[in-house]
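S.K.: Below you will find the structure I want to go over with you.
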Amino acid sequence: MRLKKTIFPLLLGGILLSVLSCAKEDEFELPTLVLSETSVAFDRGAGERNISVNTNQEHWTAASPQEGDWLTLIQDGDVLKLKVAENKMGNQRMGHVIVNANGATGKIDVTQSAADVSLEVMPEVVYLPQTGGEKVVDISTNSAIYDITTSEGVDWLKIHKFSEEIKLVAECNNTDQTRMVKLYAKSGDQMREIVVSQAGIQRYLLPINPGMPQDVHKIMDYELGRGSYLREYQQAMPGFGIEETYTFITPSPIFTLMQYCSPDGVTSSQIINIGDGMVAVDAVKDKAFEKFLTNNGYTRSNSESDREYFNEKELLSLKVFVSEKPGGEGVNLTYTPVIKQVKELKTFDKLPYYPFELLQVANVKVPEVEAFEKKAGSKEEERSYNEFKKTEVSQIQYILNASQQPAYSRIHIFFTTGEDGKADEKLGSVQIGALLFKNTDLGVWKYGKKWLVTNELKKKLGEEGFSFLRTTNNTHFFGRQRDHLLIAVTCVVDNNVPVLALLYNYDNTVFGAGSKVVKAQDKMISNFNKAKKMLKF
């Protein structure tokens, strides 16, 4: 009995120990996961960030919907590396990463700053034909969205917006007025302007300034946009004096041809708009023509002519040539591009002239010129003789006294016997007179290697009735038809210093239009060039 009492407690203790031992072996350890960061922000550039992963599990994984797009995940021991590519888009990137350790999970929110918004439109100016039609404007942006607004409400233009372009559809313009509206493309803080214009019924036409250097795409977009078509292209052949030309047939029933000219394909020389017959002559005589020019920014540039205009905004000058000769009736509207002057320059208060009593007067020769200069208090600086006849004075240069300022020197160039032994009937008289000025700003300004006439002097010449005739190299010719006086404006070198020179001459053959006038102007240029060569300018 005592033995039973002893065995039973021992057996019970053994069972309890066995149960407790089994319970310890089967106990389950819960997985844990701790991340060093749960939110990561990158700037817009490429970047990398290390996240510590603390877990009681042997293995863990990381995944993201953005992986392989702009986010890269690299597991390295107990470190998770996050790498982002540069954000070139104008929108913030947002994503997340899920880390899993045998059921224990953690989430890392990832953001990346947006790049600066970029927005470009092409083209920035759209020309629509009078008959109506459609054009496409390309939109390039790194942003997911952009907006289009208009400067004013219009019912003649429909705007269809797509992700990378907008389509513009215009109705027919049955008025005689050009209509215009501005569109504004906006994305983020970026905005671009698109100017849309549509020509009306075109009795009169205007060209576009091709720019410097000449922009052929600008010409084509403008002309084709308003309904013209290219009839002919001529490549420049400088060796033969042939210019590059783009000749268009226009939508105007009167001025049917528009031709853009360039001597080298880089510099625009002139744009010619031609109308044939008395219908064109009557059109430019109509008051509506000048009103049309005025409404488009053209003002008269010659006080004595209603055939010369200048547009300061478009930098185009215009000369109107009219022919009423039987069988040759027509109009030539010649536009000349003008290079924009960099700043305002002061010119003469009053246009200076060479003494008219000396210029091309038959009985005024060297002795009379000498007497005139002596009375004026001038001092002779230099005298040259004809290389073909040494007894003939070819030119005399005088230094003027202070009362003659701003001119400091006057030069007299005489008619002389030529190399062929022939002499002008005015032999010995003054052929060309010249005035020199130390301040070149009074009349010319430098553009690259060129010397151009200032706007201020051109205006002064226009007020005095002078018209622009021709330019050759750095010499610019102006003429006044009522007295046939010519003035050549140029920059020359006197004693190794650039100075302004105004050269004066009379010639009644260089005015008007036609082949005879062109030949006369060529001769005019030749005479002035000989004068400059004689003076070693």
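S.K.: At a Förster distance of 25 Å, what's the computed FRET efficiency of LYS81 paired with ALA104, Cβ-Cβ distance as r, to 0.05?
M.R.: 0.80
S.K.: So for each of 157-169, 174-186 I average, over its residues, the number of other beta carbons within 10 Å; can you give me the resulting order with the highest mean first?
M.R.: 174-186, 157-169
S.K.: Using Cα pairs closer than 8 Å and at least 6 residues apart in sequence, work out the relative contact order for the chain, in percent.
M.R.: 7 percent
S.K.: Among the DSSP beta bridges whose two residues both lie in the chain, what percent are antiparallel, rounded to the nearest 5?
M.R.: Close to 95 percent.
S.K.: So, one more: Between the range 364-427 and the range 26-88, what is the C-alpha centre distance in whole Å?
M.R.: Rounded to whole Å, the Cα centres lie 95 Å apart.
S.K.: Of all GluC sites (Glu not before Pro) in the range 422-485, which ones are in loop regions per DSSP and have a Cβ with at most 13 other Cβ atoms within 10 Å?
M.R.: Passing both the DSSP loop test and the Cβ count: GLU425.
S.K.: If I model a spin label as a point 7 Å beyond the Cα along the Cα-Cβ vector, how far apart are those points for LEU427 and ARG307 in nm?
M.R.: Going from the LEU427 label point to the ARG307 one covers 3.8 nm.
S.K.: While we're here: Can you give the helix-only mean residue ellipticity at 222 nm for the chain, where every DSSP H stretch with n ≥ 4 adds -39500 (n - 2.57) and the sum goes over all residues, rounded to the nearest 500 deg cm²/dmol?
M.R.: The helix-only estimate for the chain comes to -5500 deg cm²/dmol at 222 nm.
S.K.: Tell me which aspartates and glutamates have Cα within less than 13 Å of LYS365's Cα, excluding those fewer than 8 residues away on the same chain?
M.R.: GLU357, GLU373, GLU392, GLU425
S.K.: Where in the chain are the helices, taken as whole DSSP H runs, whose Cα atoms extend 18 angstrom or more along the long axis and whose Kyte-Doolittle mean reaches at least -0.5?
M.R.: 2-25
S.K.: Sticking with this one: Taking the Cα atoms of the chain, report the difference between the largest and smallest coordinate on each principal axis, in whole Å and largest first.
M.R.: Principal-axis extents of the Cα atoms in the chain, largest first: 176, 59, 42 Å.
S.K.: Just how large is the dipole of the range 366-534 about the Cα centre, in debye to the nearest 20, putting +1 at every Lys and Arg Cβ and -1 at every Asp and Glu Cβ?
M.R.: 500 debye
S.K.: Too long at a 28 Å Cα-Cα cut-off: which of LYS389/LYS530; LYS291/LYS459; LYS313/LYS346; LYS182/LYS340; LYS313/LYS530; LYS218/LYS325?
M.R.: LYS313/LYS530; LYS218/LYS325
S.K.: Let me ask something else. In whole Hz and in residue order, list the ³J(HN,Hα) couplings for the range 307-316 that follow from phi through the Karplus curve 6.51 cos²θ - 1.76 cosθ + 1.60, θ = phi - 60°; x for Gly and Pro.
M.R.: Once θ is set to phi - 60°, the couplings for the range 307-316 become 10, 9, 9, 9, 10, 5, 6, 7, 6, 10 Hz.
Only the coordinates and a few stated rules stand behind these numbers; no lab work does. Computed from a prediction, not measured in an experiment: that's the story for all the values here. Cβ sites come from the backbone with ideal geometry, for glycine too, and all protein chains shown count toward neighbours.
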